[in-house]
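Beneath this line is the structure, given in structure tokens, with notes to follow.
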Amino acid sequence: MELGLHYFTFTHPEWETTLAERFTETAQIADEGGVNLMSVMDHWFQMLHTGGPFEPMLEGYTSLGYLAGVTKNVRLSLLVTGVTYRHPGLLAKTVSTLDVLSRGRAMLGIGAAWYDREHAGLGVPFPPTAERFERLEETLQICRQMWSDDDGAFDGKHYQLAETINLPQPPRGTVPVMIGGGGERKTLRLVAEYGQGTNLFAGPGEESLETIRHKLEVLREHCDRLGTDYDAIEKTILYPGDAAIDADAFLTDMERYKALGVTLVSLTPTPYENPVPWATKLVEDVVPRLKQV
């Protein structure tokens with residue numbers, strides 16, 4: 001099983017003067033220590049339950065572009081891009097650029113967006129839920145077209161593109177798409193139709209395990225109906241527990257998630273603490289054992 005590092009908070013001691021250095025050092029520790037995926041959030045304001053808008057937050061794709069230059073191995077993604085934040089044609093171009101400059105390490109993590117306060121705060125339209133999902137599906141279609149030989153027009157309900165020209169193309173010909181969220185009627189259907197990966201919220205305990213089991217069963221049903229290869233979809237989870245504190249309990253949990261088909265778990269540093277020692281302990285004590293799960 002692989003480990004992901006989700007760097008969702010920039011709030012740590014003396015962040016005003018150490019933010020860039022600690023972000024860089026944490027990423028390089030992860031990169032050299034066998035972490036498979038490094039992700040940051042796609043938010044302009046920090047989430048309310050993690051301190052709110054007056055905590056530091058860097059823009060996501062600028063951050064990933066920086067990480068591409070200071071790492072060599074780790075995959076790079078937002079967890080996840082809000083579909084409302086960027087025009088889909090520009091989003092496809094941005095992700096293509098990241099993939100080219102990272103030499104094929106980019107992944108498009110994407111979802112329907114939810115944080116209305118940051119939209120209102122910075123003047124970005126925030127459509128109703130149903131429309132955001134319509135826009136999400138069109139965005140997935142546009143990205144697929146831009147990462148193909150078809151550079152013609154796209155005429156959708158919400159987006160109209162006269163030319164879907166995209167040069168240079170991603171080194172692999174396309175960029176893997178991970179769709180975040182566990183909505184059973186819409187989100188998991190989009191995973192089955194357009195995605196190469198899914199990301200679900202998990203945690204310790206039987207209830208969470210059963211939730212993930214059920215979500216994956218729903219995903220399989222969508223795949224069967226659409227003729228998609230369920231086994232080819234990467235199943236990942238975002239896990240709130242601190243594996244650095246109790247590695248044995250964490251690894252026991254991961255054995256159970258692996259049995260469900262989960263192949264990557266992303267962990268998050270503790271807010272208000274220095275992430276460098278945390279990342280160091282993960283790559284020394286957890287990554288080698290997790291790879292054996």
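Please treat every number below as a calculation from the coordinates, not as lab data. What you see is a predicted model, and the numbers here were worked out from it, not measured in a lab. Using ideal geometry, Cβ is built from the backbone for each residue, glycine included, and neighbour counts are taken over all protein chains shown.
Quick notes on this one:
- One residue from 291, 186, 215 being farther than 17 Å from residue 2 by Cα, among the basic types (Lys, Arg) and in contact with an Asp or Glu (Cβ under 8 Å, 6 or more places away or on another chain): 215
- The residues of the range 51-76 that are part of a loop (DSSP other than H, G, I, E, B), under 15 Å from residue 8 (Cα atoms) and either of a type in the set (Val, Ile, Thr) or under 15 Å from the mean Cα position of the chain (by Cα) (or both) amount to a single one, 59.
- The set of residues in the range 230-252 that are aromatic (Phe, Trp, Tyr), assigned to a helix (DSSP H, G or I) and under 17 Å from residue 215 (Cβ atoms) contains only 230.
- Tally, over the range 249-268, of residues that are among the charged types (D, E, K, R) and either touching a helix residue (DSSP H, G or I) at 6+ places or on another chain (Cβ under 9 Å) or at positive phi (or both): 2
- Flag for residue 39 being within 18 Å of residue 85 (Cα to Cα), part of a strand (DSSP E or B) and either out of contact with any Leu (no Cβ under 8 Å at 6 or more places or on another chain) or not aliphatic (A, V, I, L, M) (or both): yes
- Matching residues in the range 206-229 - criterion: being hydroxyl-bearing (Ser, Thr, Tyr) and not in a helix (DSSP H, G or I): 228
- If the condition is being buried (at least 21 other Cβ atoms within 10 Å of the Cβ) and either part of a loop (DSSP other than H, G, I, E, B) or among the aliphatic types (A, V, I, L, M) (or both), then the range 265-275 contributes 265, 267, 268, 269.
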